[in-house]
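Okay, so here's the structure we're looking at.
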Amino acid sequence: MTAHDRVLANDDLARFSNLIGGRSVEAADGRLFESVCPSDGRAFALAPRSGKVDVDAAVAAARGAFEGAWGRLTATERGRLLVRLGEAVAAHADELAALESRDTGKPLKQGRADMAATARYFEFYGTAADKLHGDTLPFLNGYTVAVVRDPHGVTGHIVPWNYPAQIFGRSVGASLACGNACVVKPAEDACLSLIRICELARDVGFPDGALNIVAGLGAEAGAALAEHPDIDFMSFTGSPQTGALIQAAAGRNSIGCTLELGGKSPQILFADADIEAAAPVVVNAITQNGGQTCSAGSRVLIEEKAADRFAAAIAERFAKVTAAHHEADREMGGMINPRQRQRVQGHIERAQQEGLRIVAQGAIDAAAPASGFYVRPTMFGPVDPRATLANEEVFGPVLAMIPFRDEAHAVALANGTPYGLVAGVWTGDARRSMRVARAMRCGQVFVNGYGAGGGVELPFGGVKKSGHGREKGFEALYEFCAAKTIVINHG
Ligand code: NAD
């Protein structure tokens, strides 16, 4: 029996509810599951373990809002509500950050950064809502053609546990701005901040049913939402395995979906790079959020002639990273759950069995509770590009250092995995930076910098096994609406 299978009625634990049609409700059958803090392994809250009946109610409430009060608002009115929600998130940032950090184990400073970004998503999409305009087209004489942008209707949002609030903010923010009504299924490992933010949305005046949340397990509430025949569009962020299920369900219902999946993102360091500037960014890009970041910079490609010098500079910083209780606010916290910790440890062990050498390891804080889910951040090098570690996503603080000969070799290695999410290019040569950036097969490239997870304004998404569709920035708005062409004959 896992923690999620237990049905508890322990009043010592904080209770969280679904929000459906503006009302806080339990699962119809009263089932619950525990929220466990990765920092100490202890359950501290209970959330509804929703099923198909609850998802049906949430979708019906969203449909009612779309066809009713929410659908009647102007774009400006929708935008104002989103801006107000952003202000409410900012006003409750301390409470929300503490909740998010406890639920995910991330350091408090990361929890606070996540809430600042979440508030900014609502501000960004709130102020964008009435700037999403259509077009007119030249056509036959005597005709006027207008292309207008219609919302899809009811959108489903399945959110993972690594950056719950940020991923919720970017996805729901863009969808609501377009005029859709939303049903959210948060991850079972971290759902609490999203429930609170949905309550804030109700409090700032969103019409009932515009934004609904049903907590629960992936195979239950998640599958019910993905399969639901009255969902018009699905936004999914999570693993490639689940993404394939979501895509198949969307296909059966003939609806569109965005898939934001994993990555094996490279950071390419040419010998002329400013290693002093690069080293802290490279280390942060793989240890931020304990490496549980889809855009983690998990491969560092280093030009051979600078390999020893650069690897030493990175290793020196890497060894200073400490995993600690989220309240200790160190560089990283624990892994989200024991299964994830075991998975990361398994990758480290397998790399060693394949003959790879550890060149640096961080520490686990001596004060960190033994019951927490900590792993030591680990850097391997030099790694054969054919090794498992160079190709599979770890989703943990494990860095592979891979040498390359020249620019062509670097590009081939960078593009040589099944993934294509983000890349970093570090060089003092401006022409080369542009050449390499253009050659990357991925959705986002940073030159002389790297933003694992950041950038409200920056369109983001993958190619190949990293998924399809774009979230973040203005670009996301085009995903959450559909062009409708109106042809008027007035000749
Ligand atoms: P996951 O796919 O197991 O879970 C993601 C969400 O899907 C959760 O809400 C879960 O409950 C739900 N889910 C699980 N099974 C389902 C099913 N059968 N039907 C419907 N929903 C289901 O992934 P995870 O373990 O939560 O997250 C880790 C993975 O997500 C990594 O591979 C990571 O790279 C990826 N990720 C990608 C991004 C991105 O933006 N590209 C962001 C975060 C995480």
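The values are calculated or read from the model by the stated rules, or taken from the named source; none is laboratory data. Because the structure is predicted, anything quoted here is derived from the model rather than measured. Methodologically, a virtual Cβ is constructed for each residue, glycine included, from the backbone with ideal geometry; neighbour enumeration extends over all protein chains shown. The protein model used for the area step is the full one, side chains on, heavy atoms only, and it has no ligands, DNA or RNA in it. Shrake-Rupley method; radii C 1.70, N 1.55, O 1.52, S 1.80 Å.
Overview of results
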| quantity | calculated |
| --- | --- |
| Number of the exception - THR388 against (1) farther than 27 Å from ALA306 by Cβ; (2) out of contact with any strand residue (DSSP E or B) (no Cβ under 9 Å at 6 or more places or on another chain) | (1) |
| Residue match in segment 359-377 (condition: open to solvent by 20 Å² or more (accessible area, probe 1.4 Å) and more than 30 Å from ARG112 (Cβ to Cβ)) | yes |
| Any pair with Cβ under 8 angstrom, 6 or more apart, that starts in segment 213-225 at a residue that is without any contact (Cβ under 8 Å) to a residue 24 or more places away in the chain and ends at one that is in a loop (DSSP other than H, G, I, E, B) and near the ligand (Cβ under 8 Å from one of its atoms) | none |
| Selection status of VAL375, aliphatic (A, V, I, L, M), under 23 Å from the mean Cα position of the chain (by Cα), within 22 Å of SER466 (Cβ to Cβ) and not assigned by TED's automatic domain parsing to the domain that holds ARG112 | no |
| Among the candidates VAL148, VAL204, residue that is open to solvent by less than 40 Å² (accessible area, probe 1.4 Å) and touching a Lys or Arg at 6+ places or on another chain (Cβ under 8 Å) | VAL204 |
| Residue ID - farthest from the ligand (Cβ to nearest atom), chosen from residues in segment 225-262 that are in a helix (DSSP H, G or I) and open to solvent by less than 20 Å² (accessible area, probe 1.4 Å) | ALA250 |
| Options GLY86, GLY111, GLY105: the member that is more than 23 Å from ARG330 (Cα to Cα), among the small types (Gly, Ala, Ser) and open to solvent by less than 50 Å² (accessible area, probe 1.4 Å) | GLY86 |
| Condition met for PHE474 (touching a residue at least 12 places away in the same chain (Cβ under 8 Å), out of contact with any Gly (no Cβ under 9 Å at 6 or more places or on another chain) and either open to solvent by 40 Å² or more (accessible area, probe 1.4 Å) or away from the ligand (no atom under 12 Å from the Cβ) (or both)) | yes |
| In segment 207-223, the residues that are open to solvent by 20 Å² or more (accessible area, probe 1.4 Å) and part of a helix (DSSP H, G or I) | GLY218, ALA219, GLU220, ALA223 |
| Residue count, segment 358-391 (criterion: within 24 Å of GLY333 (Cβ to Cβ), more than 16 Å from the ligand (Cβ to nearest atom) and outside any strand (DSSP E or B)) | 12 |
| Qualifying residue in segment 374-387 (condition: out of contact with any Asp or Glu (no Cβ under 7 Å at 6 or more places or on another chain), at positive phi, without any contact (Cβ under 8 Å) to a residue 24 or more places away in the chain and not hydrophobic (A, V, I, L, M, F, W, C)) | no |
| Enumeration of residues in segment 48-72 that are open to solvent by less than 40 Å² (accessible area, probe 1.4 Å) and closer than 13 Å to GLU220 by Cβ | PRO48, ARG49, SER50, GLY51, ASP54, VAL55 |
| Positions within segment 316-334 being in a loop (DSSP other than H, G, I, E, B) and over 22 Å from VAL359 (Cα atoms), in sequence order | HIS325, ASP329 |
| Any hit, segment 322-329, residues being on the phi > 0 side of the Ramachandran plot and surrounded by fewer than 23 Cβ atoms within 10 Å (Cβ to Cβ) | yes |
| Matching residues, segment 148-200, being among the basic types (Lys, Arg), within 14 Å of the ligand (Cβ to nearest atom) and under 13 Å from GLU479 (Cβ atoms) | ARG170 |
| So ASP308, is it assigned to a loop (DSSP other than H, G, I, E, B), of a type in the set (D, E, K, R), assigned by TED's automatic domain parsing to the domain that holds THR287 and away from the ligand (no atom under 16 Å from the Cβ) | no |
| Pairs where the first residue, in segment 56-81, is among the small types (Gly, Ala, Ser) and the second is open to solvent by 50 Å² or more (accessible area, probe 1.4 Å), C-beta under 6 Å, 6+ apart | ALA75/ASP130; GLY79/ASP130 |
| Of the criteria (1) over 15 Å from the mean Cα position of the chain (by Cα); (2) within 11 Å of the ligand (Cβ to nearest atom), which one GLY205 fails | (2) |
| Of all residues making up segment 438-475, the number that are among the aromatic types (Phe, Trp, Tyr) and farther than 13 Å from SER265 by Cβ | 1 |
| Long-range neighbours under 7 Å by Cβ, at least six apart or interchain, first residue within 28 Å of MET401 (Cα to Cα) within segment 240-264, second more than 8 Å from the ligand (Cβ to nearest atom) and in a strand (DSSP E or B) | GLY263/VAL422; LYS264/ARG299 |
| Checking ARG339 against (1) out of contact with any Lys or Arg (no Cβ under 7 Å at 6 or more places or on another chain); (2) more than 11 Å from the ligand (Cβ to nearest atom), the condition it does not meet | (2) |
